[in-house]
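Peer 1: Below is a structure I'd like to ask you about.
The values are calculated or read from the model by the stated rules, or taken from the named source; none is laboratory data. Predicted model, so just to flag it, every value in this text is computed and none were measured. In this analysis, Cβ positions are derived from the backbone assuming ideal geometry, glycine residues included, and neighbour counts consider all displayed protein chains. Surface areas here come from the heavy atoms of the whole protein model, side chains and all, with no ligands, DNA or RNA. Shrake-Rupley method; radii C 1.70, N 1.55, O 1.52, S 1.80 Å.
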Amino acid sequence: MEINGTGIGQGVAVGPVVRMAEQLPPPVDRPSHLDPELEGERARASLSVVAAELANRGAKAGGAAKDVLEAQAMMAEDPSLVDEVTKLLATGKTAERAVYESFAAYRDLLLGMGGYMAERATDLDDISQRVIANLLKLPAPGVPNPGHAFVLVARDLAPADTATLDLDQVLGLVTIDGGPTSHTAILAREKSIVAIVGATDAATLADGDTVVVDAANDVVISAPTPEQVADAEARIAERAALEAAPVTPGALADGTPVPLLANLGSADGAAEAVKLGAEGVGLFRTEFLFLDADTAPSVREQQEHYTRLLSAFPGRKVVVRVLDAGADKPLSFLNDAHEENPALGLRGIRALRHSEIILREQLTALAMADATTDADLWVMAPMIATVEETEYFTKLADELGIKVAGVMVETPSAALIADRVLRVAAFASIGTNDLTQYTMAADRLLGTVANLQSPWHPAVLKLIADVGAAGAELGKPVGICGEAAADPLLAVVLVGLGATSLSMSPSALADVRASLARYTPDDAKALARAAMAAEGAADAKQAAQAVATEITTARAAAS
Ligand code: PEP
Ligand code: MG
């Protein structure tokens with residue numbers, strides 16, 4: 001049986017299923033025998049034990065996991081949550097029940113907000129379960145330890161669990177809930193765990209079932225045939241060889257360079273990106289630094305972080321995006337008004353123009369960091385839709401000392417007039433995540449329209465081709481920095497459409513590097529033509545795959 005979900009990365013795993021224990025049931029709502037004061041002491045003690053435990057695990061895990069776990073530890077001792085617990089205790093509830101109800105109310109509030117905030121709801125459930133388990137003196141819910149390697153199947157994983165998975169034991173991970181932007185997905189990608197999220201039918205899998213987890217093809221195969229297992233094992237061996245291969249600059253088969261760059265959300269990821277062969281940074285998402293901030297970050301604070309980032313890439317290109325606040329990434333100091341339709345509202349450059357002082361300070365901090373480091377800093381604006389916005393941004397950037405100012409192409413409008421936009425901007429970087437969402441009119445966070453969100457759709461490819469052609473005509477670089485660049489076959493198509501560099505999550509670099517090396521510039525154009533001529537996304541992928549197979553077979557026969 002095949003179970004569909006969203007694959008994270010390109011990996012494959014085979015092994016027996018071990019399911020994670022389901023949640024503790026909600027504590028019964030009965031009157032407490034204890035004084036509210038004593039219940040309060042119990043609750044506060046458990047909350048701080050859990051907060052300390054989470055912070056401790058964060059310190060051990062390091063990287064992005066550390067930030068996630070520290071944020072969770074802070075949530076466990078959030079004063080408004082503790083107040084809520086105290087209020088409920090005063091009504092005669094037990095500590096377990098008061099913790100349960102307070103966290104559930106907060107979780108519902110986040111779910112109601114949708115997008116990024118809703119995906120943090122799992123974090124709160126996890127803390128609540130840990131605190132209740134501590135109060136009941138039960139073991140904390142968590143990853144099982146069966147004593148052999150296994151594929152972990154869970155409803156969703158808490159960040160604490162994903163961050164501390166023992167990768168010698170956990171061959172792969174399948175979650176029933178969770179979307180491609182959930183913390184599980186973010187951490188799985190960072191740790192290169194073979195994972196499929198949002199696999200609803202994985203609820204039917206039982207302990208001991210053998211499964212193939214095929215992230216590249218978004219599928220879990222249960223009860224695989226011997227051929228399917230052999231195929232998976234061959235691919236696992238192939239990937240191990242690939243990972244051990246020397247890290248070389250990105251290039252096509254004839255040596256045409258295609259620089260491979262990293263998408264980063266913090267300077268903390270820089271060293272790992274360099275180790276995996278990133279030739280620079282193609283997208284630094286500055287808003288990730290400030291998601292929890294209530295006030296705009298100071299110039300000094302920003303300058304320090306940017307200096308740290310730029311120092312990690314001496315002599316290399318580093319493309320920093322100014323704050324892309326709004327929609328699923330609201331920043332309270334930039335987007336405070338409620339909007340019915342935030343993806344179409346005041347986000348990206350529109351929000352920054354509304355609060356120009358924040359943009360000015362950010363550009364100033366970037367120019368200051370640039371002046372004291374040796375990286376080649378490029379700065380770009382998100383959500384550009386008009387030539388006028390392009391002029392506004394590049395002029396301001398120039399005034400504040402930025403040497404190279406460009407734009408992201410994320411709206412169909414910017415793609416359709418790329419020739420005019422690129423006359424003003426020094427470069428374009430195509431954000432295929434948003435370009436796909438806006439071209440297909442399909443919310444990128446919504447599972448129900450996921451079938452419409454493929455960057456393989458010929459409508460999206462056509463827009464990318466327009467930008468590529470405009471870049472070639474004017475001699476301006478056109479990078480790709482959306483998730484599409486991390487798909488090894490699509491990466492070749494994108495180069496065929498005119499992309500001059502590709503930027504991706506560092507864990508995807510090895511696969512894309514190997515794929516590019518198999519094709520010449522003419523091959524890439526042939527793949528692109530086949531994909532563009534298709535009727536839909538699935539056909540486009542198939543058509544490109546067919547041309548790719550033809551090319552590699554003919555070449556193998558000739559050698
Ligand atoms: C994109 O839209 O493709 C992009 C790279 O920006 P983000 O995913 O941060 O919106
Ligand atoms: Mg975007």
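Peer 1: Run residue 345 past the list (1) under 19 Å from the mean Cα position of the chain (by Cα); (2) within 15 Å of ligand 1 (Cβ to nearest atom) and report the number of the one that doesn't hold.
Peer 2: Going through (1) under 19 Å from the mean Cα position of the chain (by Cα); (2) within 15 Å of ligand 1 (Cβ to nearest atom) one by one, residue 345 breaks only (1).
Peer 1: From 509, 502, 516, which residue is within 15 Å of residue 431 (Cβ to Cβ) and either in the same structural domain as residue 280 (by TED's automatic domain parsing) or among the acidic types (Asp, Glu) (or both)? Walk me through it before giving the result.
Peer 2: On the way: 509 fails: within 15 Å of residue 431 (Cβ to Cβ); 516 fails: within 15 Å of residue 431 (Cβ to Cβ).
Going through 509, 502, 516 in turn, just one is within 15 Å of residue 431 (Cβ to Cβ) and either in the same structural domain as residue 280 (by TED's automatic domain parsing) or among the acidic types (Asp, Glu) (or both): 502.
Peer 1: Moving on to the next point. Return the residue satisfying two criteria in turn: it lies in the stretch 309-329 and is within 22 Å of the chain's Cα centre (by Cα) and either of a type in the set (Asp, Glu) or open to solvent by 50 Å² or more (accessible area, probe 1.4 Å) (or both), and of such residues it is nearest to ligand 2 (Cβ to nearest atom).
Peer 2: Only one residue fits best here, namely 324.
Peer 1: Quick one: residue 435 ticks every box in (1) open to solvent by 10 Å² or more (accessible area, probe 1.4 Å); (2) within 16 Å of ligand 2 (Cβ to nearest atom) except a single one, so which number is it?
Peer 2: Every listed condition holds for residue 435 apart from (1).
Peer 1: Select, from 546, 524, 517, 465, the only residue that is more than 21 Å from residue 251 (Cα to Cα) and more than 16 Å from ligand 1 (Cβ to nearest atom).
Peer 2: 546
Peer 1: To continue, here is another question. Anything in the stretch 347-365 that is closer than 14 Å to residue 287 by Cα and aliphatic (A, V, I, L, M)? List them, or say none.
Peer 2: 349, 351, 352, 358, 359, 363
Peer 1: For the stretch 540-559, what are the residues that are open to solvent by 60 Å² or more (accessible area, probe 1.4 Å) and either in contact (Cβ under 8 Å) with a residue 60 or more places away in the chain or aromatic (Phe, Trp, Tyr) (or both)?
Peer 2: 541 - this is the single residue of the stretch 540-559 that is open to solvent by 60 Å² or more (accessible area, probe 1.4 Å) and either in contact (Cβ under 8 Å) with a residue 60 or more places away in the chain or aromatic (Phe, Trp, Tyr) (or both).
Peer 1: Additional query: Here is a list of conditions, (1) within 16 Å of ligand 1 (Cβ to nearest atom); (2) farther than 30 Å from residue 520 by Cβ, and residue 319 meets all of them except one; can you say which number that is?
Peer 2: Evaluating residue 319 over (1) within 16 Å of ligand 1 (Cβ to nearest atom); (2) farther than 30 Å from residue 520 by Cβ leaves (2) as the failure.
Peer 1: So, one more: Given the structure, is residue 408 touching a Cys at 6+ places or on another chain (Cβ under 9 Å) and not in a loop (DSSP other than H, G, I, E, B)? Quick ask: steps written out before the conclusion?
Peer 2: Values: touching a Cys at 6+ places or on another chain (Cβ under 9 Å): yes; not in a loop (DSSP other than H, G, I, E, B): yes.
So residue 408 passes the test.
Peer 1: When you look at residue 451, is it away from ligand 2 (no atom under 16 Å from the Cβ), part of a helix (DSSP H, G or I) and without any contact (Cβ under 8 Å) to a residue 60 or more places away in the chain, yes or no? Don't jump to the end; show me each part of the working.
Peer 2: Numbers: away from ligand 2 (no atom under 16 Å from the Cβ): yes; part of a helix (DSSP H, G or I): yes; without any contact (Cβ under 8 Å) to a residue 60 or more places away in the chain: yes.
Taking the combined requirement at face value, the residue satisfies it.
Peer 1: Has the stretch 451-458 got any residue that is modelled with pLDDT of 95 or more and over 19 Å from the mean Cα position of the chain (by Cα)?
Peer 2: The answer is yes; a qualifying residue exists.
Peer 1: Can I ask one more? Need pairs with beta-carbon distance below 9 Å; first residue away from ligand 2 (no atom under 14 Å from the Cβ) and within the stretch 404-423, second in a helix (DSSP H, G or I) and modelled with pLDDT under 95; sequence gap 6+ or separate chains.
Peer 2: From the stretch 404-423, no pairs qualify.
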